[in-house]
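K.L.:
Before I ask anything, let me first share the structure, which is written out below as C-alpha cells.
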Amino acid sequence: MIQSVSYRARFPLIALGFIALLTAMWAGLLRLGWPWPVLQPTLPVSHGPLMISGFLGTVIGVERAVALNRRWTYIGPLLTGVGGVLLIAGVPGLIAPLLLTAGSLMLVAVFGLILSIETARYTVVMALGALVWFIGNVLWLLGWPIYTLVYFWAGFLILTIAGERLELGRILRYSNAVQRLFLAAVALFLLGLVASLVHYDAGVRLCGAALLGLAAWFLRFDVARYTVRKSGLTRFIAVCLLTGYGWLAVAGLLAMVSGGQPGGLIYDATQHAIFVGFVMSMIFGHAPIIFPAVLGKPVQYSPVFYSHLALLHLSLLLRVAGDLATWLPGHQWGGLLNVLAILLFVANTVRGVRAGARQP
C-alpha cells in the first residue's frame, strides 16, 4: 500500500537542506579569506560535502520521493539532512560521511524503483547521476582528497539535469541521431570519471571535453531555444537554462585546457562555473515549478526574479575574472556576491510564496 507523506512533514527535510546550504556558503566565504567567525575548525573543508550532499542531495532526494509517493523513499533525504547537521556540528569520526554516503545509496535504490517503472534513456542517465554521487561519496569516505573526486559529485548534478532536459525534450521528438550525440557526450563524461581514478589529469580533460559537448548539445537542441521567445515565467526559465549552459561550456573549456588541478584559482573558476553558474541557474529556473510540488504552496512569478539571476551571473563573471587574472579582490568579492545572489533568490522565492498564498 502506498502511503503519502504530508506537505507539513516534508518541511523539516527541506529545512535541513537549507541549513546545509547556508552553512556551506558560510564555509565558502571562510575559504575565500573573509574574516567571518569560524563556527568550528573543520567547517571550511566541509564546504563541498555540505553543498553537494547536505543541500542538493537532500532537496533532490525529497523531490524524487514526492514524485514516487512512497514513504521509504524519504529515508535518503533524512540521512543526508542529518548527516549535514552532524558535519556542521563537527562531530568527529565517520558518522557524518557514513550518513551522507548512505543517503546517496538510498537514491540509487530509488532510481532502481524508477527504472523498474520506466526504463528510458533519460531515467538511465539520471540513475547514473545517482550512482556517480554514491561512488564519489565512497571515495570521500575512504579518504580520497576532494579535488580528486569532485567530478563525481559534479556528475551527480550534471547527469540529473541532463536526464531531466532529455525527458522534457520529448516534445521536440529528437531524432535518433540527435539522441546519440547526447549519449556520446554522457559516455565520454563517464569515461573521464573512470580515467580520473587512474590518471587524474587525463580524466579531467576528458570530462571537460564531455561538458563542452553537453553544453553545445543543450544550446543547439534544448527546448529553451524556443521558449525563450515566450514571456513571463516561461521566458525566465529559458533565460536561466541558456545562461547556465553557457557556464557549463566555460567549465568544460577550463577543464580541457588546465587539466587536473589540486586546488588554486583555476580550480576555483572551473568548479564554480559548474556549481554556481550551471547548477544554481538550473535551480533558479526550476524553483517556481518544483517548490509548489514539494511544499504544496504556489510561487507567484515576478520580473524581480531577474535580479537574483543577474547578480548571480555578474558576480560569477567577477569571480572567474579574478581567478584567471590572479586578482584576489575580484576572486573574493565575486564569491561574496555569489552568496548574496543566492540569498536574494531565497528572499524573492519566499516573497513569491507569500504572494501566491494571497491569490484567491
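The values are calculated or read from the model by the stated rules, or taken from the named source; none is laboratory data. What you see is a predicted model; the values in this text were computed from it and never measured. FYI the Cβ positions are ideal-geometry reconstructions off the backbone, even for glycines, and counts take in every protein chain you see.
K.L.:
Which pairs have Cβ atoms under 8 Å, sit 6 or more apart or on different chains, and link a residue in region 47-65 that is surrounded by fewer than 24 Cβ atoms within 10 Å (Cβ to Cβ) to one that is charged (D, E, K, R)?
P.N.:
These pairs meet every condition: His47/Arg31.
K.L.:
Now for a separate question. Here is a list: Val186, Val198. Which entry is closer than 22 Å to Ile135 by Cα and crowded, with 23+ Cβ neighbours inside 10 Å? Full working, then the answer.
P.N.:
Details: Val198 fails: crowded, with 23+ Cβ neighbours inside 10 Å.
One residue alone meets the criteria, Val186.
K.L.:
In the set Phe236, Phe218, which member is crowded, with 23+ Cβ neighbours inside 10 Å and either at pLDDT 95 or above or within 21 Å of Asp323 (Cβ to Cβ) (or both)?
P.N.:
Exactly one residue qualifies, and that residue is Phe218.
K.L.:
Does region 68-85 contain at least one residue that is under 27 Å from Leu344 (Cβ atoms), aliphatic (A, V, I, L, M), out of contact with any Ser or Thr (no Cβ under 8 Å at 6 or more places or on another chain) and without any contact (Cβ under 8 Å) to a residue 12 or more places away in the chain?
P.N.:
Just the residues of region 68-85 that are under 27 Å from Leu344 (Cβ atoms), to begin with: 77, 80-81, 84-85.
Subset that is aliphatic (A, V, I, L, M): 85.
If we keep only those that are out of contact with any Ser or Thr (no Cβ under 8 Å at 6 or more places or on another chain) too, we end up with 85.
Still in the list and also without any contact (Cβ under 8 Å) to a residue 12 or more places away in the chain: none.
The answer is no; no qualifying residue exists.
K.L.:
Give region 126-150 a look and list any residue that's in contact with a Pro (Cβ under 9 Å, 6 or more places away or on another chain) and in a helix (DSSP H, G or I), or say none.
P.N.:
Asn137, Trp140, Leu141, Ile146, Tyr147, Thr148 - these are the residues of region 126-150 that are in contact with a Pro (Cβ under 9 Å, 6 or more places away or on another chain) and in a helix (DSSP H, G or I).
K.L.:
Let me ask something else. I need a count of the residues in region 7-45 that are surrounded by 16 or more Cβ atoms within 10 Å (Cβ to Cβ) and farther than 19 Å from Ile342 by Cβ.
P.N.:
3
K.L.:
Within region 66-97, can you find the residues that are of a type in the set (A, V, I, L, M), more than 19 Å from Gly129 (Cα to Cα) and surrounded by fewer than 23 Cβ atoms within 10 Å (Cβ to Cβ)? Lay out the reasoning, then the answer.
P.N.:
Looking only at region 66-97, we keep the residues that are of a type in the set (A, V, I, L, M), and these are 66-68, 75, 78-79, 82, 85-89, 91, 94-96.
From the residues that got through so far, the ones that are more than 19 Å from Gly129 (Cα to Cα) too are 78, 82, 85-89, 91, 94-96.
Listed by number, the residues that qualify are Leu78, Val82, Val85, Leu86, Ala89, Val91, Leu94, Ile95.
K.L.:
Take the conditions part of a helix (DSSP H, G or I), of a type outside the set (Asp, Glu), over 13 Å from Leu107 (Cβ atoms) and in contact with a Cys (Cβ under 6 Å, 6 or more places away or on another chain) and apply them to Tyr122. Does it pass?
P.N.:
no
K.L.:
Quick one: how many residues across region 164-183 are under 24 Å from Met106 (Cα atoms) and either surrounded by 23 or more Cβ atoms within 10 Å (Cβ to Cβ) or of a type in the set (Lys, Arg) (or both)?
P.N.:
2
K.L.:
Right, here's the next one. Find the residue count for region 259-280, including only residues that are more than 18 Å from Phe55 (Cβ to Cβ) and at pLDDT 95 or above.
P.N.:
7
K.L.:
Give the residues of region 123-138 that are surrounded by fewer than 24 Cβ atoms within 10 Å (Cβ to Cβ) and out of contact with any Phe, Trp or Tyr (no Cβ under 7 Å at 6 or more places or on another chain), sorted by residue number.
P.N.:
The answer is Thr123, Val124, Val125, Leu128, Leu131, Phe134, Val138.
K.L.:
Can I ask one more? When both residues are 6+ apart or on different chains and their Cβ atoms are under 8 Å apart, which pairs have a first residue that lies in region 284-303 and is on the phi < 0 side of the Ramachandran plot and surrounded by fewer than 17 Cβ atoms within 10 Å (Cβ to Cβ), and a second that is acidic (Asp, Glu) and not in a loop (DSSP other than H, G, I, E, B)?
P.N.:
What qualifies is Ala293/Glu63.
K.L.:
Can you tell me which of Val276, Val250, Val204 is buried (at least 20 other Cβ atoms within 10 Å of the Cβ), in contact (Cβ under 8 Å) with a residue 24 or more places away in the chain, assigned to a helix (DSSP H, G or I) and in contact with a Leu (Cβ under 7 Å, 6 or more places away or on another chain)?
P.N.:
Testing whether each residue is buried (at least 20 other Cβ atoms within 10 Å of the Cβ), in contact (Cβ under 8 Å) with a residue 24 or more places away in the chain, assigned to a helix (DSSP H, G or I) and in contact with a Leu (Cβ under 7 Å, 6 or more places away or on another chain) leaves just Val276.
K.L.:
Can you name the number of the only condition in (1) in a helix (DSSP H, G or I); (2) under 18 Å from Gly232 (Cβ atoms); (3) touching a residue at least 60 places away in the same chain (Cβ under 8 Å) that Asn338 fails?
P.N.:
For Asn338, the exception is condition (2).
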